[in-house]
Structure formats: structure tokens, C-alpha cells
Protein chains: 2
Amino acid sequence: MTMLNEIINKTIDVEMEGLVSDLQTLIQCPSVSAKREGLVECAKILSDIMCNAGIKTEILYLYNNYSGSGDKKDIPPPVVYGEVRSKSNPNGPTILFYNHYDVQPEDPIDLWEVDPFSGKVEGNYVFGRGSADDKGELITRIKAVEYYLKNTGDVPCNVKFIIEGEEEIGSIHIEDYLEKYRQKLDCDVVIWEFGYIDANDRPIISLGMKGLLYVELTARGPRRDAHSSLAVLIENPAWRLVRALNTMRDKNGKILIKDWYKDVRDFTPEEIDIVSNEPFDEQGFKKEYGINKFLNDVRGVEAIKAYVGMPTCNIAGLASGYTNEGAKTILPAIATAKLDFRLVPNMVPEKQFERIKIHLRENGFSDHDIEVKLIHGEAAARTPVNDPFVKQVKESANEVFGTSIISVSSAGTGPMHPFVKVLGVPCISIGSTYIFARIHSPNEFSRIDLLNKMTKCIANIMNKVVA
Amino acid sequence: MTMLNEIINKTIDVEMEGLVSDLQTLIQCPSVSAKREGLVECAKILSDIMCNAGIKTEILYLYNNYSGSGDKKDIPPPVVYGEVRSKSNPNGPTILFYNHYDVQPEDPIDLWEVDPFSGKVEGNYVFGRGSADDKGELITRIKAVEYYLKNTGDVPCNVKFIIEGEEEIGSIHIEDYLEKYRQKLDCDVVIWEFGYIDANDRPIISLGMKGLLYVELTARGPRRDAHSSLAVLIENPAWRLVRALNTMRDKNGKILIKDWYKDVRDFTPEEIDIVSNEPFDEQGFKKEYGINKFLNDVRGVEAIKAYVGMPTCNIAGLASGYTNEGAKTILPAIATAKLDFRLVPNMVPEKQFERIKIHLRENGFSDHDIEVKLIHGEAAARTPVNDPFVKQVKESANEVFGTSIISVSSAGTGPMHPFVKVLGVPCISIGSTYIFARIHSPNEFSRIDLLNKMTKCIANIMNKVVA
């Protein structure tokens, strides 16, 4: 580690209160993209924090005349762009930090032990929706840049930021933004928005992401909820939905939709090598989720292979009829299921969506019996494991955390595919989120010790890419 | 029709505003038994209305020391008892009016066009939860007695009232109440709480009720909602629930649970005769519910037979995971289904419940995989079609409505079985509810013209049973 790093690290240690305070400010802005709430406001608050950090910041819209109206349904929320050009190394490499300021909905609200938008600090923890995903990650990037500027008046490499507001609903417009601002976003490497720290405090450097296809199935029955005594005469749409769902997946998790796995590319030998050596705390994982075995009873390397490279078909939501306490005897007018399918290279979301429609038809469910709506789709992506930036990021992480782990792909989804496609650069995920930090769940938290280390790690990366 | 009837009918016509006003007072008391809300308060308001009508009224509790606490979960809500002894005919027959003051929940609230607890009057309609079921029916009984007393200072026959607060959640304690107050409730015939008026304004006099078994199936997964990227490793309880449900019923409505139909008794020849001649406006019915065919495409007499005498298995509610707008990628911790099964004579609810548990086990779902909870069960009952009171009620209805229809059994459920078992008397359903009055649904209403006629009909029955 260089002298410069040591100075920066000291500043980071001293300034942690300011980091946490800015993170709380961001958490307190409930920017739930699924509800299209608070997005423009959050972008503005974020922009202020970035400006205060010394970053040249702009709020960008996709369509010029829509400025200021990004909370409206049909108008894409803005992205926040930031830039600092290195004085000492203006022609050196440029890192683009990709993050998002939107968060998942806070439901189920009654399971939170703190206000989800409070940013409450308890000991080493900051609680709140977005405390980890992704406001916690974002603040480590901003602060690494801020402390360089405050200590030296410069940054070792050029940095850019792109912070979007639709990641949690599938980054609907990120590809359009990348296309529109392609030149502005020109860079050499993307540091991805997110990364896990495992149960042994090792960062997992992930080189890929699964894709996602999110669909909603709807079955309709009588034109209003009917008295359930009529169940003998009126077809219940919830039964039809259950039958349709039951054709799609077997009890071991295998997806029964025709040709679902047809386009899946196998792991490369280099990927298999890494996957086979990935540590995985099977027992800790099971304990955390209160389960005693994995789906289909997979273990060891097979579990890791599945996690990294297997497509899924998941029921994210089911709703029909009366769901409150007690008994209500109705025959519901409507039944819906939200399904999310994780995709792997080289599955094409639009093609997989068509396969669902064909499957339902071939199983006797017309478009009228089960309506299928595409909520969103994005393809999977992977950065080659032998890219030189991968080595630099790993070395930076090792210096701060002692060790780190390379992963071929996260099991999660993000819009890595358009970044690779439009910008043509490697994308490397690294971040501060403890693996059991309850992201997307009640009582999400970030750990202050990990925020501290990741800020140091990002600072280290900025220094190392020019070495 | 007698002179006495004519006097009473005239009073009923003159006093309709008072009837509607008292009905509104009852509707404005949101006595939702599923939520255990407002029950004691509604019983008190009802008791006031009955006292004002000249009925000797008492609020009865099942356990003496629980008086006043009937909104608490584990304490049965009170029943309202009423009595008027005939001065002119004290040793003549006694009619027991059975009704209920509780209502179904108002959900889905956003589909109501009026406040469900307003009792808003528009032309011939009174809107609101309970306007028909059962506060509308109840007011016709009370007013028939009130107008006799106000005009003549007497009633032609002895009348008693038993008005309970748990009908919409399966009359959990009615049998206990009947046992406890058996002598007080001694009577010769029960006039049931409810009855439909068909699309041609003919009352349907129903002599039976289906039984009901209401169960909740619960599947549990990880101990909290998890990120759906984990769907490759963690079993999703919603999928397990879907698979379990799918084993229980085929697409034509046939229940696949072993021995489900074993105890069903066939129609008697007299019942078949009545069923075969029941009018049924198939087209009107389909139009009302916006469907183009019945389940399993049954038609004509087969549809009536099914409606009157076939068991059902209905999904009344399904819930799991994220059900709001947009996308949330979670693997839910829990999935539940509410199922209601309509039973026919001689199915025993407890026995059928055991059959469900055995079925699930035999299909590979342990008690741990799918928890099955009995919400409530009640058996079916039928009064013999040739009982002499049936004839008197039919004649009374014919004189007011011009004509009427006898039905072997309603497709709905009520606690007729304990009345027959404990009191040993015939139970005859007749009421003022238009067949498309949206009971249990948003925008429930009663028709003022039918409330008027049913009050006259009840008054006529009181006179005719002593003739």
C-alpha cells in the first residue's frame, strides 16, 4: 500500500461519521421505483451530496423536455452523472462507477423493527431500506473520491459516475441512457454497483450477473367477486391459475417450459475452475435462512454451480380473493401470480417470454384463460475472468481485506449486459454488503466496519489502475 | 288475506321511511365478525331498535362473566334474544326468527361506489355491507312484529328472536347458545335468516342449507422473505402450495380427495321432483356474472341439481410474497390458501377435514410441508318438503308476491343443522334479498320494494300459522 493510500485511509477512519450521516440522508429519501415515488427528489439530494464532495455533477434526463417530471409513470426518472478529471493523470484510465439511487418497496412493513426510512444507527449497523442496496455501496464510491480531493486536490485516475433510478424495476431505460450519453460515459472499466462480503469478511468480486425475466400471469373469472356458493357453477380463476402454474416447474425446480434451457451456454473451462474453488459456507447459509437442506438437496460444488449458473422460475407473488384474517366465502373475480425467472448467458429475455406464451397455449390455456404480461426482461452478462482489471481489483481488495474471492457470476441481476454491449468494457462488481444484510427484505442493514473498508478498497482501486 | 293483514299492510306502506331509517342505523354499525369489530356495539343498537318496537329484549352471553367483552378474540360475541307472547293466543304456535347482526368484511374496499357503512339510499336501493345480508332481512321481521303491536297491541302468534354475531364466520358458538338457552328458545318452527327473491320477483322458499368446511393451508419456506436470486437453492413455499392445491381438484370441479363423496346421500324422490321443476334463469345468471358457460358446461336441470346438491372445493383466497404494483424479486417466506368446501347431507365436517389431511400426506405433503388449519365446519341440513309449516309459508308468500318457489336447499350455508338437532323443529328460509344483490361483494344493496313486501309476508305468516 502506498503512502497516498495511508493518508486517505486515515481520513476515511476520521470521517466515518460524515459518511454515515450522508448515507442516512439518502435512506431518509424513500425512492421506491416500483411505486414511482421520491425519485426526482432523491436524485437532487444525491446530486447535492456529490457536489459537496467536489464531484462535477449533472442530473440527466432521457428526453430534454421532461426535466423535472421523472416521478410520472411514463417518463423515465433521471440519472445522476458525475465526473472528476485527474490533473496528474488526465490521459490515464477512467473508472466509471455505476450505482442506483432507487430502492425496493419496504413491504412487508409490519416486519420491520425500525422505520424503514429512518437510517437508524445501532452499534455497527445502519438500518433501513437501501442502507446496503444500493445507497450504502454508492456512498463508499463518493467518499473515496471526496477524501482524495480533500487531501490532495486531485484524484489518481479519471472517475465518472452514472447513478440510475430504475435498477430495482429492471433498469428499463439504462440502455437508452447509455446510448444517448455514450461519449460522456466513455471509460476503461466499470466498477459495478454492488458486491457481497461473505461470512468470513471476504469481498466477493463478481464478474457477471444473471438476467431476469419478470412476468405477471392473470386469470379472470366472474366480473366481480361472487358468493362462494356459486363455485359449483362459476369457474374460479384461482384454480385455473394454480393449474397453469403447476405445468411450469417440477418439484425439483426444473422448468418444464419447452426449450427453456436450449440457449444456455455452458461454463468455460476457466469459469469451471473458479466455480469449483469458490468457498461457500453451506451450513451458515442454511442456518441464516432457517432451512435444513437446499432445493433438490444439492450440496458442495453442485450448489455453487447452481447458484452461479442455473436458471430459475420463482413465484415472487400470488394474490387472489380474501387474504385478511378469518373467513370470507367468496369466489374471486381475479387471480394473479408474479413470476421471476433468472436467466444465464445466452438466454434472450424476449425469446424466453415467447416460450412461456407458447407453453401455456400448448397446455390448454388460451390468452384469454391466462393473460401473460411482460413486466421486464434483461439478459445475463459475464466479464472474462482473465481481464487485466480483474487482477488489479483483486489486489486492491486483498490489501484492504486480507483476502478476496473471485466469482464467475452473481446470482442476482443487473443491467450489465447493456454496459458490455454499449460501452464495450469489462464490468467488475465489488461492494460492502454483508451477505446476510437482508437486502430486499425487512430490517435491511449495512455494517459500518464494511462501509469503512470498502471506501478504502475503492480508493485503493483508483490508485492501482494507474500504477 | 284477512282484514287484520290489510290493516298491517297499510301501516307497513306508511311506515317504510322508519324501516329504512332503522336499517341504515344498523348498516352504519360495521359489525365485521371476521375482524371481531363492533359486535357488542351493534348488539346494543339492535337491542334498542327491538325494545322500541315493543319486543322484550335481552342481550345473552354464553359465559356469564364475559358480559361486555364480546369483541375479544376468545370470547363469543353476544346473541340478542327477543320475545313477544301473544295475548290472544298464548298457547298457540311459536315462531322463532333466526337472524344475525354480523356482516362480511367490506374488502375489496376500492370497488365500492359508496361508503360500505353509509346505508346510502338511491331510489329503490339501500346500499351498504349488510343492507341485504342480514340486516335487511332482520328489519323485516322486527317491523312485522312492531306494526302488529302498534296497531293491535298484540301479535297473532308467539314470536321469539335469536340474533347472533358470528354467522359470517361459521356460527362458531350457535350450537352452544342453543344448548344453553334451549328452553327459552323452545318453538314450533324457525323462520330462517335469509331468502332470495329471483329475477322475476318470486321468493324462493328454501328448506335446506349446504354445510361448509373452511380451511387454511399454509406452506412455510425460509424464515424471512429472501432475495429471489436464492430460488435456485431455497425451496419456495408458494410452489409447494401450488403443487398441493393442484392435487385436490380437477379442472371440471371434481374433488380428488379420497372418499370425499362417500357419505353424500342422494336426493329423495320428493326432492328430485321439486329440483326438476325449479325455475332457473340460466341466461340472466350468466349475464349477471359476465360468464358464457357454467363450470363443466352443465345446463338446465343438471345445473340446478349441482347448485342445490353438489359439494364444492373453492379457493376463497391465495396470498404469498409481493402483491402490490410493479416488480419485487423476492422468494416469499410463507404462502397461504383459504379453501371453502360446501358440504351436502350427510357429510360430517370433522370427517371431511381428516380426509384432507390424509390426502395431503398420501400425496407427499407432510404436516410440516403444508399446515392445515380448520377455520370452521358445519354440517348441511334439510327440512322435509312435506312439513305442514312449509305449506303455510308458501301460501303466505303467494298472497303477497303472487307466486313463490320451493327449493330443496339453498347453495349457501348456515347453521341449520344445530337448530334441527337441538330444537328439533322445521327450519324454513324466506327473505327479501334480490338474487343479484351482491351480498358478500362490493356495492351490496337491498331493494326497498322487496323489504316492503317481505315485511308484509312475515306479518302474513304470523297470522297464518294460527289459522
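A short reminder: the numbers here are calculations on the coordinates, not readings from a lab. Everything quoted here is computed from the prediction, not taken from an experiment. Cβ coordinates were reconstructed from backbone atoms using ideal geometry, including for glycine residues, and neighbour counts include every protein chain displayed.
General observations
- Karplus-derived HN-Hα couplings along the range A:28-36 (A = 6.51, B = -1.76, C = 1.60, θ = phi - 60°), whole Hz, x at Gly and Pro: 5, 9, x, 8, 8, 5, 4, 9, 6
- Label 7 Å beyond Cα on the Cβ vector: B:N277 copy-to-copy distances, nm: 8.9
- Annotation: amide H-H contacts under 5 Å for B:S407 (H modelled 1.01 Å from N, sequence separation of 5 or more, or interchain): B:I205, B:S206, B:L207.
- As a length-normalised measure over Cα pairs under 8 Å and 6 or more apart, the relative contact order of the range B:222-367 settles at 37 percent.
- From phi via Karplus (6.51, -1.76, 1.60), per-residue ³J(HN,Hα) for the range B:368-376 in Hz, x at Gly/Pro: 7, 5, 9, 7, 10, 10, 7, 7, 6
- Share antiparallel - DSSP beta bridges, the protein assembly as shown, percent rounded to 5: 70 percent
- Amide H partners (placed H, <5 Å) of B:V425, local residues excluded: none
- Counting every other Cβ atom within 10 Å of each residue's Cβ, A:S86, A:S320, B:S446, B:S409 order from fewest to most as A:S86, B:S409, A:S320, B:S446.
- Helix-only mean residue ellipticity at 222 nm for the protein assembly as shown, each DSSP H run of n ≥ 4 adding -39500 (n - 2.57), per residue, nearest 500: -10000 deg cm²/dmol
- Selection from B:M416, B:N324, B:L451 lying farthest towards where the dipole of the range B:316-467 points positive, charges on Cβ: B:L451
- Size of charge dipole - the protein assembly as shown - debye, nearest 20, with Cβ of Lys, Arg +1 and Asp, Glu -1, no other charges: 1260 debye
- Cα lying deepest toward the dipole's positive end in the range A:1-63, options A:L62, A:V40, A:N5, charges on Cβ: A:L62
- Seen against the Cα atoms of chain B and their longest principal axis, helix B:388-401 is set at about 80 degrees.
- Reducing the range A:302-355 and the range B:211-288 to their Cα centroids gives an inter-centroid distance of 21 Å.
- Debye intensity ratio I(q)/I(0), log10, chain B, q values 0.07 Å⁻¹ (C-alpha model): -0.38
- Residue ranges B:143-150, B:389-396, B:260-267 sort as B:143-150, B:389-396, B:260-267 when ordered by packing (mean number of other C-beta atoms within 10 Å per residue, highest first).
- DSSP bridge pairs, chain A: antiparallel proportion in percent, nearest 5: 70 percent
- Between the range B:17-49 and the range B:413-433, the Cα center-to-center distance that results, in Å: 23 Å
- Note on the range B:121-173 and the range A:98-171: Cα centroid distance 61 Å, given to the nearest whole angstrom.
- The value of relative contact order for the range B:82-182, using C-alpha pairs under 8 Å at least six residues apart, is 47 percent.
- Treating each Cα of the protein assembly as shown as one equal point scatterer and applying the Debye formula with no solvent, the log10 of I(q)/I(0) at q = 0.05, 0.06, 0.07 Å⁻¹ comes out as -0.39, -0.53, -0.67.
- Given B:K421/B:K453; A:K287/B:K338; A:K35/A:K453; B:K254/B:K373, the pairs whose alpha carbons are separated by over 26 Å: B:K421/B:K453; A:K287/B:K338; A:K35/A:K453
- Under 16 Å from A:K120, Cα to Cα: lysines that are on another chain or at least 8 residues apart: A:K135
- All aspartates and glutamates inside 16 Å of B:K180 as judged from Cα atoms, apart from same-chain residues fewer than 8 positions distant: B:E58, B:E164
- Each of A:C157, A:C427 was scored by other Cβ atoms within 10 Å of its Cβ. Listed from fewest to most, they are A:C157, A:C427.
- In terms of other Cβ atoms within 10 Å, B:Y177, B:Y434 run from fewest to most in the order B:Y434, B:Y177.
- C-alpha long axis of helix A:349-362 to longest principal axis of chain A, angle in °: 10 degrees
- In degrees, nearest ten, helix A:39-52 long axis to first principal axis of chain A (Cα): 10 degrees
- Within 10 Å of the Cβ of each residue in A:335-341, the mean number of Cβ atoms contributed by other protein chains is 5.
- Checking the cross-link pairs A:K150/A:K464; A:K357/B:K328; A:K328/B:K456 against a 27 Å limit on the alpha carbon distance flags A:K328/B:K456 as lying beyond it.
- Label-to-label distances for B:E371 across copies, nearest first, come out at 3.5 nm, using points 7 Å from Cα in the beta-carbon direction.
- Look at the alpha carbon pairs under 8 Å that are at least 6 residues apart: their mean separation over the length of chain B gives a relative contact order of 25 percent.
- Residue by residue, the range A:217-230 carries 3J(HN,Hα) couplings of 9, 10, 10, 10, x, x, 6, 8, 3, 10, 5, 6, 4, 7 Hz when phi is fed to the Karplus relation 6.51 cos²θ - 1.76 cosθ + 1.60 (θ = phi - 60°); x denotes Gly or Pro.
- Residue by residue along B:391-400, Cβ atoms of other protein chains within 10 Å of the local Cβ number 0 on average.
- Comment: the Cα-to-Cβ extended label point of B:T218, at 7 Å, lies 3.1 nm from its counterparts in the other copies, nearest first.
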